[in-house]
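Student: Sending over a structure as structure tokens; questions will come in a sec.
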Amino acid sequence: MKRAVKIVLGLLAITLTAAVAGGAWWVHSKAPVREGHLQLQGLSAPVDVRWDERGVPHLKAANDDDLYRALGYLHAQDRLFQMEMLRRLSRGELAEVLGPKLLPTDRLFRTLGIRQRADAVAAGMDVNSPSAKALLAYLDGVNQYQDTRPAPMEFQILGIQKRPFKPEDTLSVAGYLAYSFAVAFRTEPVLTRVRDDLGAPYLDVFDLDYHPDGVLGSPSATQALNDATHTMLAQLAQVSAEALPLAGLPQFEGSNAWAVSGRLTDSGKPLLAGDPHISFATPAVWWEAHLQSPGFELYGHFQALNPSALLGHNQQFAWSLTMFQNDDVDLIAEKTDAGHPDQVLIKGTWHRMATREEVIQVKGAEPVRLTLRSTPHGPIINEALGTAAGQTPIALWWAFLETPNPVLQAFHELNRADTLEKARTASSHIHAPGLNIVWANAKGDIGWWAAALIPERPAGVNPAFILDGSTAQADKLGFRPFADNPQEENPQRGYIISANHQPATGQPVAGYYNLPDRARRLNQQLADSNRRWNTTNSRALQLDDGTAYHSRVLASVVPVLKPQLAASPEESALLDKLAAWDGRYGVTATEPTLFAQLLYEITKEAMADELGADNFALLLRTRSLDDALPRLVSDAASPWWDKRGTPAKEDRAAGLLAAWKATLAHLRTLYGQDPAQWTWGQAHQVTHAHPLGQQKPLDRIFNVGPFPAPGGRETPNNYSYTTGPAPWSTVYGPSTRRLIDLAAPGQSVGINPVGQSGVWGDKHYADQAPLHMRGDYQRQYLDEADVAAATQSTLVFQPAAAR
């Protein structure tokens, strides 16, 4: 018997060992190849690749065509799954691999018309242009990797079939980038509901113009938006807000960038700083590579499926970008009637809606057929919700669908723009989404250009609300010339700041701008005439976790609450501590936790009853709320304080007291009775989510984190979160931090929030995540001696025989 047991145990041990070995071999087979020799078809000469300690490749090629072909191969071996998911997201094909829960996201992206627009642009592309040649060589490299190497493990887990990548895929991803900036989807519906249902006094806190007749005439008119349509819009906005997180893909949100003239730096040369704010994900949005070919060199940060860097520097120049936040989206309510089926009335004339059919493949379910309609104003977005579409067709006018938008040409040129004139010209080719390009060169120039085609709307039209499609209100009169866009070159003050704030300009530009607090805080320090800037104090500025926003709110809240807490010394002392807070969001501080919960409770106490659950949830996701709260708490007469459905008339004092009590109750329930335990690092954390990490227990395998996070909403170190009850997950933050002193570009530093590789099990999958959270920086090698000293391994691509 004992012998039999030993035999069974031995067999189990052998089986387990074999399984572990087999699993290790399977994981190893997916790993990037970083040394030796590989053949690559289409090369005219060998391409040398050296990897540094962070897994960043340094490529040297005989010409640009070879360079971009090798770049595509290397990018794919680190990020092929990310490329596939971005392609599927932007083209409405996620449900095919992730199942029915992604069907609303696919419906949305099909309805937006991104794939249709990308297909049309790709069909008309000049394949002999430099940017097209770079794209085609890069995609050939991507496809050669996909054709010759084992599929990523995510492909096998999800059953993804390999397909060639094409130019229309890259152009579709550009559409996703434009969509991710378009906050109108989640802002215009809720503001329109406030205006049409609640009226002018309720709009005062949002500081918006009011049109008493509403979007479609008087509220009693038959064409007014009904409850079903408002509900549809709220649901559409919710789908829009949840689309990217559900897919585990990054969304572009904000950013900091500044350029300082050499007369204000220690080195005497310009200094550039940048940290684009993007939602966190695994893998991270940026992939770094150092490129060299005769006459061209760049250390770049690349987005999946794009051969040109969106951020970059070399020995001569550097640039970063932020989101312009201009409003390039209009939602337009179309007028229809029973006598004109499938037609809309525009300025007295009936226009037939165009239709097209599309099919969405759904994993584990029958395909879904869509009939998508469009009017002269744009696609009807109601179709994104199927049977819940509402009665009034809502059209989407979007600059991305209406402009030439040669964005690939723009960044190909920007990768080579060593003069003000070249950088300005390259920026002028960016039409949508709107971007701020902040640039500097070693010759001493600094510049900023708000890059977008800005639509001209009729006088008096406020695009913050849904527009009336039957009138000239929805017309576009053309686009402003680029020369009229906000911009600066070598300003007298010696520095440029871009922080998503509304830019100073002769003509107002409609937009959904971030609070001015972050820009003001940066400006306060950069304007200090006694300071000379270098990479050390620039790091401190990028890592600044403070804001003055709290003082704008608490200046009105504390005097109202203080007398009401006189009978509770403990609560009064807690309020005093909050009033004395310096606005810094350190991980060991407790004031940020108290303040963030109080902001939510004030918003809920004042606004939830008027808006209802759907629109209240929508408001919490908008930037309009950040602007509204200081005005709300300072206005004792605001109608928001009176609760609906109660016989009494509630006032501000009662509302703030109720919010305070609710804040304490919630935090005590979560973190205990001792306020000293309510630390910001416990309540506010970062997790870098992988698409497969949406499903437990895979989150423990593929996700990276959680990490306690400093900073908060609109601090320079902008680890932002959605207003709501504790705890808070950081939804976006510094997607990289870069500092380049153009006196010594080879000494530049940066950081990736997760790691260079998207391949699970690779040593560079998450090796930078703890460093990013600590505020550490890593060298970005540019000088030959430094690259050679940092080289960990070398790979040579050899020309292969033609296929």
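The values are calculated or read from the model by the stated rules, or taken from the named source; none is laboratory data. Please read these numbers as outputs of a predicted model, since none were measured by experiment. Positions of Cβ are backbone-derived with ideal geometry, glycine not excepted, and every protein chain shown enters the neighbour counts.
Student: Suppose the filter is under 30 Å from residue 575 (Cα atoms), assigned by TED's automatic domain parsing to the domain that holds residue 423, in contact with a Gly (Cβ under 8 Å, 6 or more places away or on another chain) and of a type in the set (S, T, N, Q); does residue 490 pass it?
Tutor: Spelling it out, it is not the case that residue 490 is under 30 Å from residue 575 (Cα atoms), assigned by TED's automatic domain parsing to the domain that holds residue 423, in contact with a Gly (Cβ under 8 Å, 6 or more places away or on another chain) and of a type in the set (S, T, N, Q).
Student: Still on this model: Name the residue, out of 750, 733, 755, that is out of contact with any Gly (no Cβ under 8 Å at 6 or more places or on another chain), surrounded by 23 or more Cβ atoms within 10 Å (Cβ to Cβ), among the small types (Gly, Ala, Ser) and within 26 Å of residue 272 (Cα to Cα).
Tutor: The unique qualifying residue is 750.
Student: List the number of the failed condition for residue 204; all other conditions in (1) modelled with pLDDT of 85 or more; (2) part of a loop (DSSP other than H, G, I, E, B) hold.
Tutor: (2)
Student: Oh, and also: Has region 362-378 got any residue that is surrounded by fewer than 19 Cβ atoms within 10 Å (Cβ to Cβ), without any contact (Cβ under 8 Å) to a residue 12 or more places away in the chain, assigned to a loop (DSSP other than H, G, I, E, B) and among the charged types (D, E, K, R)?
Tutor: There is at least one residue in region 362-378 that is surrounded by fewer than 19 Cβ atoms within 10 Å (Cβ to Cβ), without any contact (Cβ under 8 Å) to a residue 12 or more places away in the chain, assigned to a loop (DSSP other than H, G, I, E, B) and among the charged types (D, E, K, R).
Student: What do you reckon, is residue 695 among the polar types (S, T, N, Q) and either in contact with a Leu (Cβ under 9 Å, 6 or more places away or on another chain) or modelled with pLDDT under 95 (or both)?
Tutor: yes
Student: Give the number of residues within region 424-463 that are farther than 17 Å from residue 324 by Cα and aliphatic (A, V, I, L, M).
Tutor: The number of residues fulfilling the criteria is 5.
Student: Something else now. Could we say that residue 96 is modelled with pLDDT of 95 or more, buried (at least 17 other Cβ atoms within 10 Å of the Cβ) and closer than 24 Å to residue 371 by Cβ here?
Tutor: yes
Student: Here is a further query. In this structure, does residue 747 turn out to be of a type in the set (S, T, N, Q), in contact with a strand residue (DSSP E or B) (Cβ under 9 Å, 6 or more places away or on another chain) and in contact (Cβ under 8 Å) with a residue 40 or more places away in the chain?
Tutor: Judged against the criteria, residue 747 is a match.
Student: Any chance you could count how many residues in region 410-455 are of a type in the set (Val, Ile, Thr), surrounded by fewer than 24 Cβ atoms within 10 Å (Cβ to Cβ) and outside any helix (DSSP H, G or I)?
Tutor: Count: 1.
Student: Next question. Evaluate region 702-712: report whether one residue or more is modelled with pLDDT of 95 or more, in a loop (DSSP other than H, G, I, E, B) and within 24 Å of residue 290 (Cα to Cα).
Tutor: Among the residues of region 702-712, not one is modelled with pLDDT of 95 or more, in a loop (DSSP other than H, G, I, E, B) and within 24 Å of residue 290 (Cα to Cα), which makes the answer no.
Student: Hey, another quick one. Is there a residue in region 590-597 that is assigned by TED's automatic domain parsing to the domain that holds residue 662, small (Gly, Ala, Ser) and surrounded by 19 or more Cβ atoms within 10 Å (Cβ to Cβ)?
Tutor: yes
Student: Keeping to region 481-524, report how many residues are under 20 Å from residue 254 (Cα atoms), of a type in the set (Lys, Arg) and surrounded by fewer than 19 Cβ atoms within 10 Å (Cβ to Cβ).
Tutor: Selection size over region 481-524: 1.
Student: If you don't mind, another one. Does any residue of region 680-697 turn out to be in a helix (DSSP H, G or I) and out of contact with any helix residue (DSSP H, G or I) (no Cβ under 8 Å at 6 or more places or on another chain)?
Tutor: yes
Student: Please specify each residue of region 779-800 satisfying the condition of being touching a residue at least 60 places away in the same chain (Cβ under 8 Å), under 30 Å from residue 741 (Cβ atoms) and among the small types (Gly, Ala, Ser).
Tutor: Within region 779-800, 788, 790, 793 qualify.
Student: So which residues in region 152-161 are in contact (Cβ under 8 Å) with a residue 40 or more places away in the chain and surrounded by fewer than 21 Cβ atoms within 10 Å (Cβ to Cβ), if there are any at all?
Tutor: Those that are in contact (Cβ under 8 Å) with a residue 40 or more places away in the chain and surrounded by fewer than 21 Cβ atoms within 10 Å (Cβ to Cβ): 153, 155, 157, 158, 159, 160.
Student: Can you name every residue in region 113-137 that is in contact with a Leu (Cβ under 7 Å, 6 or more places away or on another chain) and part of a helix (DSSP H, G or I)?
Tutor: Those that are in contact with a Leu (Cβ under 7 Å, 6 or more places away or on another chain) and part of a helix (DSSP H, G or I): 117, 118, 121, 122, 131, 135.
Student: Which residue out of 754, 796 is assigned to a loop (DSSP other than H, G, I, E, B), modelled with pLDDT of 95 or more and aliphatic (A, V, I, L, M)?
Tutor: Every option except 754 fails the conditions.
Student: Right, here's the next one. Consider residue 213 against the criteria (1) more than 24 Å from residue 434 (Cα to Cα); (2) modelled with pLDDT of 60 or more: it satisfies all of them except one. Which criterion is unmet?
Tutor: For residue 213, the exception is condition (2).
Student: Run residue 179 past the list (1) assigned to a helix (DSSP H, G or I); (2) at pLDDT 80 or above and report the number of the one that doesn't hold.
Tutor: (2)
Student: Separate question: Tell me, which residue of region 654-679 that is over 30 Å from the mean Cα position of the chain (by Cα) and assigned to a loop (DSSP other than H, G, I, E, B) is farthest from residue 563 (Cα to Cα)?
Tutor: Among them, the one singled out is 672.
Student: Taking the criterion of being assigned by TED's automatic domain parsing to the domain that holds residue 315 and more than 24 Å from residue 717 (Cβ to Cβ), would at least one residue in region 520-530 satisfy it?
Tutor: yes
Student: Consider residue 103 against the criteria (1) at pLDDT 95 or above; (2) within 29 Å of residue 692 (Cβ to Cβ): it satisfies all of them except one. Which criterion is unmet?
Tutor: Residue 103 satisfies every listed condition except (1).
Student: If I go through region 40-77 residue by residue, how many of them are among the charged types (D, E, K, R) and either part of a strand (DSSP E or B) or crowded, with 24+ Cβ neighbours inside 10 Å (or both)?
Tutor: Residues meeting the conditions: 5.
Student: Would you check if there is a residue in region 307-329 being at pLDDT 95 or above, small (Gly, Ala, Ser) and out of contact with any strand residue (DSSP E or B) (no Cβ under 6 Å at 6 or more places or on another chain)?
Tutor: Yes, that holds for at least one residue.
Student: Next question, about the same structure. Out of all the residues in region 216-240, which are modelled with pLDDT under 50 and under 25 Å from residue 328 (Cβ atoms)?
Tutor: The answer is 216, and nothing else.
Student: Continuing with the same structure: Given the residues 531, 584, which is the only one that is closer than 30 Å to residue 260 by Cβ, surrounded by 18 or more Cβ atoms within 10 Å (Cβ to Cβ) and charged (D, E, K, R)?
Tutor: Result of the check over 531, 584: 584.
Student: State yes or no: is residue 459 of a type outside the set (Asp, Glu) and not assigned by TED's automatic domain parsing to the domain that holds residue 273?
Tutor: yes
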